[in-house]
Amino acid sequence: MKKSSKSKGRLVWNHSTHIKGLIPILEKLTQHQGIETVTPGEIGNSRSHIPQMKLKISVPIRGGFKLIARQGKTVQEVFMLTSLSQEDLEEAIAQVLAK
């Protein structure tokens, strides 16, 4: 089954906890063509403090990429299934974070 060009991606709600402000960013990313499924993953703590939300591509996975979301001393994995290249996905993330 082929998706139409206007269809949007899907945000999977599998946890009750997320980094504050992450869900609206992920919802905006699902609007980009080529992003199919976004799944927030495990939350952890880091030593360093990052005042503003940061979303970075970590490693390629089958069908997409694993991203790392960071804010404050909190880190959360995000799994993204997409047909976008790493460069195109980085550009989409930069656009969403700039808003």
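Quick one: how many residues across the range 54-75 are surrounded by fewer than 17 Cβ atoms within 10 Å (Cβ to Cβ) and either small (Gly, Ala, Ser) or in contact with a helix residue (DSSP H, G or I) (Cβ under 9 Å, 6 or more places away or on another chain) (or both)? Spell out how you get there, then give the answer.
Step one: filter the range 54-75 for residues surrounded by fewer than 17 Cβ atoms within 10 Å (Cβ to Cβ), giving 54, 56, 58-63, 66, 72-73.
From what is left, the residues that are either small (Gly, Ala, Ser) or in contact with a helix residue (DSSP H, G or I) (Cβ under 9 Å, 6 or more places away or on another chain) (or both) are 54, 56, 58, 60, 63, 72.
The total comes to 6.
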Can you confirm whether residue 47 is of a type in the set (D, E, K, R) and surrounded by fewer than 13 Cβ atoms within 10 Å (Cβ to Cβ)? yes
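A quick yes/no check of all residues on (1) over 17 Å from residue 22 (Cα atoms); (2) in contact with a Leu (Cβ under 6 Å, 6 or more places away or on another chain); (3) outside any helix (DSSP H, G or I):
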{"site": "38", "(1), (2), (3)": "no, yes, yes"}
{"site": "41", "(1), (2), (3)": "no, no, yes"}
{"site": "52", "(1), (2), (3)": "no, no, yes"}
{"site": "90", "(1), (2), (3)": "no, no, no"}
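Within the range 54-88, restricting attention to residues that are in a helix (DSSP H, G or I) and among the acidic types (Asp, Glu), which residue is farthest from residue 31 (Cα to Cα)? Please lay out each step first, then the result.
Residues of the range 54-88 in a helix (DSSP H, G or I): 86-88.
Then drop every residue that is not among the acidic types (Asp, Glu), which leaves 87-88.
Values: 87: 17, 88: 14 Å.
Looking at the filtered set, the residue picked out is 87.
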So, first residue under 30 Å from residue 75 (Cβ atoms) in the range 1-21, second residue at pLDDT 85 or above and assigned to a loop (DSSP other than H, G, I, E, B), Cβ within less than 8 Å, six or more apart or across chains; the pairs are 8/30; 8/31; 9/30; 9/31; 9/32; 10/30; 11/30
Taking the range 10-41 and the residues there that are in contact with a strand residue (DSSP E or B) (Cβ under 6 Å, 6 or more places away or on another chain) and small (Gly, Ala, Ser), the one that is surrounded by the fewest Cβ atoms within 10 Å (Cβ to Cβ) would be 21
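The values are calculated or read from the model by the stated rules, or taken from the named source; none is laboratory data. As the structure is a computational prediction, the values presented were derived from the model and not from experiment. Cβ atoms come from the backbone with ideal geometry, glycine included; neighbour counts cover every protein chain shown.
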